[in-house]
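So the structure is just underneath, and the comments pick up after that.
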Amino acid sequence: MESIGSVALVTGASSGIGKAIAEQYVREGTAVVLADLDDVLGHQVEQELRDMGGAVKYVRCDVSSPDDNERAVEAAVREFGRLDYAVNNAGIAGAGAPTADYPIDAWQRVIDVNLSGAFYGMRAQIRAMLAGGGGAIVNVSSILGQVGYAGAPAYVAAKHGLVGLTKATALDYAAQGIRVNAVGPGFIETPMIANVTQTDAIKAAIVAQHPIGRLGQAHEVAELVCFLTSSKASFITGSYYAVDGGFLAR
Ligand code: NAP
């Protein structure tokens, strides 16, 4: 077994924000387990990061499965000997519809992935971290973990729930050396929002909600996430940090 420094697990690591977080960890010399759904894309990203010099391992993991989350953590321990950091980032936008019209299966899937996924993830991650003497977790919520958004009841509910789950878990493990925080991105240019920013008019309306005058970039979220898991954030736990170009300050 290879023995190295810090080891991170990132869910939803094949695309967008998760991929940027994995890249940032690689640049910092942290080994990374990439957990995602699509084997072809996952192995492609794994190779890209190895080409950057990273110690990385892709593992197929549907975060809505408790067993898959267990297997992802086992892969980290098997490949790299321990788990220090975990980023529960995988998420889906879900359907767009008002509450009374929201399809029940779509509601269930958004809750399963965006909220239960992080719960299943942390159950497995925390056990490994306790065995290793501590660790740090970041849950990727959203600005919509703090405010509502018309037509997105499941997403808003899941992201609010994730902030509460973060706080409760932080209190459970604060004295045992595990810090747990949430980040709340504004609109970030990733495949997730490609649909909603298709027309210039809609994109301009969304940009206008961000006082900084543009959408965010995935690497700007990655910087915050990697800071929060690092020892530089050693007194920070149970908190929510927006990275939103001023969206929530309005
Ligand atoms: P993205 O580009 O769509 O990336 C999300 C990744 O998660 C994809 O690789 C996706 O795989 C994967 N994924 C989806 N369901 C999964 C599951 N059940 N198990 C494992 N992996 C799964 O989206 P993103 O913008 O980077 O979003 C990352 C996180 O940031 C999400 O939690 C999102 O809610 C949050 N966020 C994003 C924004 C934004 O504006 N982009 C704003 C606030 C918060 P597939 O592509 O195969 O589905």
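The values are calculated or read from the model by the stated rules, or taken from the named source; none is laboratory data. What you see is a predicted model, and the numbers here were worked out from it, not measured in a lab. Backbone-built Cβ (ideal geometry, glycine too); neighbour counts: all protein chains shown.
Can you tell me which residues in the stretch 46-87 are assigned to a strand (DSSP E or B) and within 16 Å of the ligand (Cβ to nearest atom)?
To start, the set of residues in the stretch 46-87 that are assigned to a strand (DSSP E or B) comprises 56-60, 85-87.
V56, K57, Y58, V59, R60, A86, V87 - these are the residues of the stretch 46-87 that are assigned to a strand (DSSP E or B) and within 16 Å of the ligand (Cβ to nearest atom).
May I ask you to list the residues in the stretch 230-250 that are over 22 Å from V7 (Cα atoms) and either of a type in the set (S, T, Y) or crowded, with 18+ Cβ neighbours inside 10 Å (or both)? Break it down into steps so the answer makes sense when it comes.
We begin by selecting, within the stretch 230-250, every residue over 22 Å from V7 (Cα atoms); these are 239-250.
S239, Y240, Y241, A242, V243, D244, G245, F247 - these are the residues of the stretch 230-250 that are over 22 Å from V7 (Cα atoms) and either of a type in the set (S, T, Y) or crowded, with 18+ Cβ neighbours inside 10 Å (or both).
Restricting attention to the stretch 88-114, and to residues there that are part of a helix (DSSP H, G or I) and either in contact with a Cys (Cβ under 6 Å, 6 or more places away or on another chain) or among the polar types (S, T, N, Q) (or both), which single residue is farthest from the ligand (Cβ to nearest atom)? Break it down stepwise before answering.
Going residue by residue through the stretch 88-114, those that are part of a helix (DSSP H, G or I) are 99-101, 104-114.
Next, only the ones that are either in contact with a Cys (Cβ under 6 Å, 6 or more places away or on another chain) or among the polar types (S, T, N, Q) (or both) stay: 99, 108, 114.
Values: T99: 19, Q108: 12, N114: 6 Å.
Ranking the qualifying residues of the stretch 88-114, first place goes to T99.
Across the stretch 119-134, which residue is nearest to the ligand (Cβ to nearest atom) among those that are surrounded by 20 or more Cβ atoms within 10 Å (Cβ to Cβ) and under 16 Å from L171 (Cβ atoms)?
Only one residue fits best here, namely M122.
Cβ-Cβ distance below 8 Å, separation of 6 or more or different chains: which pairs start in the stretch 86-115 with a residue that is under 29 Å from R179 (Cβ atoms) and at pLDDT 95 or above and end on one that is among the hydroxyl-bearing types (S, T, Y) and more than 8 Å from the ligand (Cβ to nearest atom)?
V87/T229
Which residue is farthest from the ligand (Cβ to nearest atom), if the candidates are limited to the stretch 157-177 and must be over 17 Å from the mean Cα position of the chain (by Cα) and not aromatic (F, W, Y)? Talk me through it step by step, then tell me what you get.
From the stretch 157-177, those over 17 Å from the mean Cα position of the chain (by Cα) are 168, 171-177; that's our starting set.
Remaining after also requiring not aromatic (F, W, Y): 168, 171-172, 174-177.
Values: A168: 19, L171: 23, D172: 22, A174: 24, A175: 28, Q176: 26, G177: 26 Å.
The residue in question is A175.
State which residue is farthest from the ligand (Cβ to nearest atom) when the search covers only the stretch 194-219 and only residues that are in contact (Cβ under 8 Å) with a residue 24 or more places away in the chain and part of a helix (DSSP H, G or I).
Selected residue: H219.
Hey, does the stretch 30-43 have a residue that's away from the ligand (no atom under 14 Å from the Cβ) and of a type in the set (D, E, K, R)?
Within the stretch 30-43, the first condition is being away from the ligand (no atom under 14 Å from the Cβ), and the residues that meet it are 30-32.
If we keep only those that are of a type in the set (D, E, K, R) too, we end up with none.
For the stretch 30-43, residues away from the ligand (no atom under 14 Å from the Cβ) and of a type in the set (D, E, K, R): absent.
Filter the stretch 19-36 down to residues that are touching a residue at least 40 places away in the same chain (Cβ under 8 Å) and out of contact with any Leu (no Cβ under 8 Å at 6 or more places or on another chain), then give me how many there are. Don't jump to the end; show me each part of the working.
Within the stretch 19-36, the subset touching a residue at least 40 places away in the same chain (Cβ under 8 Å) is 19-21, 23-25, 28, 30-31, 33, 35-36.
With out of contact with any Leu (no Cβ under 8 Å at 6 or more places or on another chain) added as a condition, the list becomes 19-21, 24-25, 28, 30-31, 36.
Number satisfying all stated conditions: 9.
State which residue is surrounded by the fewest Cβ atoms within 10 Å (Cβ to Cβ) when the search covers only the stretch 18-29 and only residues that are more than 14 Å from the ligand (Cβ to nearest atom) and either not β-branched (V, I, T) or not in a helix (DSSP H, G or I) (or both).
Here is the first cut: in the stretch 18-29, the residues more than 14 Å from the ligand (Cβ to nearest atom) are 25-29.
Cutting the leftovers down to either not β-branched (V, I, T) or not in a helix (DSSP H, G or I) (or both) gives us 25, 27-29.
Numbers: Y25: 29, R27: 14, E28: 15, G29: 12.
Residue satisfying both the conditions and the ranking: G29.
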